[in-house]
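As C-alpha cells, the structure follows; a few thoughts come after it.
The values are calculated or read from the model by the stated rules, or taken from the named source; none is laboratory data. Because the structure is predicted, anything quoted here is derived from the model rather than measured. Glycine gets a Cβ as well: all are built from the backbone with ideal geometry, and neighbour counts include every protein chain shown.
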Amino acid sequence: MSSGPAAALPRRASVPVERPVLVRVRKRLDAIFRLGAVIDDTPEELATSKSVMIQAMGNVRPGALILADSRLCENPTCFIEFVPRHPRQRFHSARCRELNRRGGK
Ligand SMILES: [Zn+2]
C-alpha cells in the first residue's frame, strides 16, 4: 500500500462523490421517471426503484432491475463496492479473498 497524505484518508475516500447540484438533478430526474412509470402502467418494482450509475462486468442491460444490495469488499486494502452473486459472498474477487486470507500480503 502507498504512503503519503492519501494513505491517511478513510477507505471510502477513493469512491467518487457526486456534487450536490448533480445529486439534486438526479433526484428530480428519478422522480420524473417514477411519475412517468406510474402513468405508463410500469410494474411497481421499476416505478419504486432508483437510477444509479454502475460498472457492470456481467451482461447487464440498461435499465435492468438489480434486486440485491451492494456491499463493500471485506479486503481491507480494497475499496470496491459490488453486488454479490450470492448472499454470503464477502469479497469482490478470488484475489481479494486470497489476499485477505494471507493478511493483505
Ligand atoms: Zn475487493
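What are the residue pairs meeting all of these: first residue in the range 65-94, first residue free of Cβ contacts under 8 Å to residues at least 60 places away in the same chain, second residue in a helix (DSSP H, G or I) and within 12 Å of the ligand (Cβ to nearest atom), Cβ atoms under 6 Å, and 6 or more apart or on different chains?
Sorted first by the residue in the range 65-94, then by its partner, the pairs are 73/96; 75/96; 75/99; 75/100; 78/96; 91/97.
Can you confirm whether residue 76 is in contact with a strand residue (DSSP E or B) (Cβ under 7 Å, 6 or more places away or on another chain), at pLDDT 90 or above and in a loop (DSSP other than H, G, I, E, B)?
No: the conditions fail for residue 76.
For residues that are of a type outside the set (Gly, Ala, Ser) and within 10 Å of the ligand (Cβ to nearest atom), tally how many sit in the range 57-97.
Final tally of qualifying residues: 17.
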